[in-house]
Amino acid sequence: MKDKDYNKVRFCYFDADPIVYRAGFGSQKTKYIFRDNEGSVASPTLGSAREATVWLEDLEEFGQDTSCYKREPIIEYLSEAKAIAKFDSIIEEYRKKAGNHITHFVGFLTPSGDKHKCILGTEDQYQLQRTGTEKPKHHKALKSYAASLSFIKMSPLGYEADELLIYNAERKGDKGVVMSIDKDMNIAQNTWVIHLQKDGSGDPVWNTELGHLDLYRKGTDVKGTGGGFKFLAYQALAGDRSDHYFGLKNFGPVKAVELIHGCESQKEVVQKCLEVYTEVYGESHSYTSWDGQEITKTPLEMLQMHFEMPYMSKGPNDTGINLENYLNEV
């Protein structure tokens with residue numbers, strides 16, 4: 001990893017969809033009031049959910065009954081033009097983060113309504129929580145604006161923007177970088193990844209094919225962090241609640257990192273994962289899928305299914321991930 005020089009990177013690929021949402025929600029402000037049982041306004045306009053909570057707590061401290069008060073949101077919107085200006089400012093943040101040595105700065109958008117990763121036959125419905133997700137008021141205008149920019153491309157139907165980020169960056173190798181707030185992009189191999197945080201921080205990390213994995217602890221927040229194949233395996237074991245899949249039962253981040261961290265090959269990673277899947281499921285496991293199918297799978301088939309959920313297609317000729325290929329490696 002130390003022999004790789006990020007300053008030699010020339011191609012940056014980023015996901016434009018989160019920027020659309022960030023600009024949209026950033027151009028609207030939710031404030032709150034409380035009404036009493038008669039519907040009369042009982043509070044001043046409060047600038048945040050936290051302020052609303054404090055206002056109610058202050059009344060309770062003085063012994064006032066607050067059960068008659070109901071909180072009501074009031075959303076204030078900036079203009080569409082200001083939302084677009086917000087989008088442009090975030091794009092500039094991304095450019096600066098990528099570095100002035102980048103010569104090709106390319107974003108991708110997922111077509112609206114593209115549900116190609118609706119996976120049948122799984123225990124839980126992948127990305128269920130994204131169905132009906134609230135969109136900001138200017139979402140449609142922002143997405144149209146983003147698609148009109150010469151350096152942002154609409155992904156073909158059947159491909160998420162995420163997949164094209166990884167596909168293109170991996171083809172460029174040490175000359176490419178994936179930049180995204182989505183931790184799923186960390187599975188990219190033999191390329192650079194910048195996993196952006198909510199505060200805009202995030203440094204370039206070189207991901208090998210095997211990858212790396214460590215345990216992050218901060219207060220009650222415990223999770224695996226890393227990249228490459230090891231991070232993909234970590235997701236198969238620990239699951240990802242944000243995408244509504246749950247990995248191996250009772251196998252959380254600590255156990256997953258301990259199992260995979262020291263592995264020296266992809267074959268060893270898959271072998272160790274299969275061992276714990278076999279311990280849990282025995283010779284076979286039967287379940288009713290989210291779409292109503294009665295299914296029985298072997299431990300290897302269960303592991304295969306859980307690898308497929310976070311896996312990103314690597315282009316039109318990619319036939320997907322096949323764990324037997326790793327197990328049969330010499």
I'm trying to understand the selection: among the residues of region 125-173, which are at pLDDT 80 or above and of a type in the set (Gly, Ala, Ser)?
Ala141, Ser144, Ala146, Ala147, Ser148, Ser150, Ser155, Ala161, Ala169, Gly173
Residue check, Lys183 touching a helix residue (DSSP H, G or I) at 6+ places or on another chain (Cβ under 9 Å), among the basic types (Lys, Arg), under 22 Å from Asp240 (Cβ atoms) and surrounded by fewer than 23 Cβ atoms within 10 Å (Cβ to Cβ)
yes
Scanning region 4-14 residue by residue, those under 13 Å from Ile91 (Cα atoms) and open to solvent by less than 10 Å² (accessible area, probe 1.4 Å) turn out to be Cys12, Phe14
Is it the case that Gly226 is part of a strand (DSSP E or B), on the phi > 0 side of the Ramachandran plot and either open to solvent by 10 Å² or more (accessible area, probe 1.4 Å) or among the charged types (D, E, K, R) (or both)?
yes
Restricting region 188-218 to residues that are among the small types (Gly, Ala, Ser) and open to solvent by 30 Å² or more (accessible area, probe 1.4 Å), which is modelled with the lowest pLDDT?
Gly200
Any residue in region 254-268 that is in contact with a strand residue (DSSP E or B) (Cβ under 9 Å, 6 or more places away or on another chain), farther than 29 Å from Glu160 by Cα and β-branched (Val, Ile, Thr)?
yes
Out of all the residues in region 144-161, is one or more crowded, with 21+ Cβ neighbours inside 10 Å, in contact with a strand residue (DSSP E or B) (Cβ under 7 Å, 6 or more places away or on another chain) and within 21 Å of Lys230 (Cβ to Cβ)?
no
Residue hits (region 58-80; among the acidic types (Asp, Glu) and open to solvent by 80 Å² or more (accessible area, probe 1.4 Å)) are Glu60, Glu61, Asp65, Glu76, Glu80
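The values are calculated or read from the model by the stated rules, or taken from the named source; none is laboratory data. Just so we're clear, the structure is a prediction, and the values are computed from it rather than from any experiment. As a convention, Cβ positions derive from the backbone with ideal geometry for all residues, glycine included, and neighbour counts pool all protein chains shown. Accessible surface is based on the protein model in full, side chains and every heavy atom, while ligands, DNA and RNA are left aside. Shrake-Rupley method; radii C 1.70, N 1.55, O 1.52, S 1.80 Å.
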